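Peer 1: Below are the structure tokens for one structure; questions will follow.
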Amino acid sequence: MQFFGGSEISPSPPVPTVSGNNAHMMYVFNRNGVCLLYKEWNRPLHTLNPQQDHKLMFGLLFSLKSLTAKMDPVNADKGNLGVPQLPGQGCSFHSFRTNTYKLSFMETPSGIKIILVTHPKTGDLRESLKYIYGLYVEYVVKNPIYNPGSPIKSELFNTALDQYVRSIS
Amino acid sequence: MDTNDSLRVASLWHSMHAISQQLSPVNGCSGIELLEADTFDLHCFQSLPGTKFFVVCEPGTPHMESLLRYIYELYTDYVLKNPFYEIEMPIRCELFDINLTQAVQSDR
């Protein structure tokens, strides 16, 4: 997976094959598990309070990555189960689907994890996640006032993100 | 991957399946059905009593769900109906193995 250092956001965001249903929610975590962003568009059911929900989500992703690295039928040398993997090391999953939602996941080499929870019939969202990472780089990382590791409060980022996610739904 | 690792992976999968139900934004989630990774896909089928069957395949392999349902039928026929098989123990039924291999190979 390549992350290009272009100075502009790609002019034409990719439109994936979505069957016209809204995204449910989105998480952005950094490599330490701090939830930098949580956005909710359509979530009728809240099982846990926000802190527990974020921790559970991060834990689920961590364990799933560990499981896919171990279960990989292609690579010969795998670490033991439970050993933390560096970003990009070992086979990682990019999405999973249940009967009620589809979760798309992307991890950047810097350890930033972007998660988008959508309708189960959504197509492959990898390109969209890359575009969202591009937005993150433009509006958050390049913002001189932003403190890395703290929750994202950039208005521009939130607006651009909102616009983009609504356009792919 | 030895048996200890298989056990660890299986128990990890069981917990992940349960946690994914908790994180659902909508009611009525029954757990992970498909996990897509870089080099493989993992399909999971959960029967009514909660037994999970999962199959690891190449990305984009079609008809895995029907294969899993067929394997479930084989399981009920050759394992559950076997009077010598103890529930919750590892499956060592020859007929099940033979039919399973046949089913998977005829799929290729």
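Peer 1: Scanning region A:42-65 for residues that are closer than 12 Å to B:SER20 by Cβ and within 17 Å of the chain's Cα centre (by Cα), which turns out surrounded by the fewest Cβ atoms within 10 Å (Cβ to Cβ)? Walk me through it before giving the result.
Peer 2: Keep residues of region A:42-65 that are closer than 12 Å to B:SER20 by Cβ, which gives A:47, A:56-57, A:59-61, A:63-64.
If we keep only those that are within 17 Å of the chain's Cα centre (by Cα) as well, we get A:56-57, A:59-61, A:63-64.
On the way: A:LEU56: 16, A:MET57: 25, A:GLY59: 14, A:LEU60: 21, A:LEU61: 22, A:SER63: 17, A:LEU64: 23.
That would be A:GLY59.
Peer 1: Quick one: how many residues across region B:1-48 are exposed (fewer than 14 other Cβ atoms within 10 Å of the Cβ), more than 7 Å from every other protein chain (Cβ to nearest Cβ) and either of a type in the set (A, V, I, L, M, F, W, C) or not in a helix (DSSP H, G or I) (or both)?
Peer 2: 7
Peer 1: Of the conditions (1) farther than 19 Å from A:LEU61 by Cα; (2) in contact with a Gly (Cβ under 7 Å, 6 or more places away or on another chain), A:PRO87 fails just one. Which one is it?
Peer 2: (1)
Peer 1: I'd like to check something: does region B:87-105 contain any residue that is closer than 28 Å to A:CYS91 by Cα and loosely packed, with under 11 Cβ neighbours inside 10 Å?
Peer 2: Looking through region B:87-105, at least one residue is closer than 28 Å to A:CYS91 by Cα and loosely packed, with under 11 Cβ neighbours inside 10 Å.
Peer 1: In addition: For region B:66-96, give me the residue count where each residue is farther than 24 Å from A:LYS70 by Cβ and in a helix (DSSP H, G or I).
Peer 2: So the count comes out to 15.
Peer 1: Could I ask something else about it? Please determine, by comparing only the residues of region A:66-111 that are crowded, with 20+ Cβ neighbours inside 10 Å and more than 10 Å from every other protein chain (Cβ to nearest Cβ), which one is farthest from the chain's Cα centre (by Cα).
Peer 2: A:GLU107
Here, each number is a calculation from the coordinates, and none is a lab measurement. Because the structure is a prediction, the values reported are computed rather than measured. When we count neighbours, we look across all protein chains shown, and the Cβ atoms used for this are built from the backbone with ideal geometry, even at glycine.
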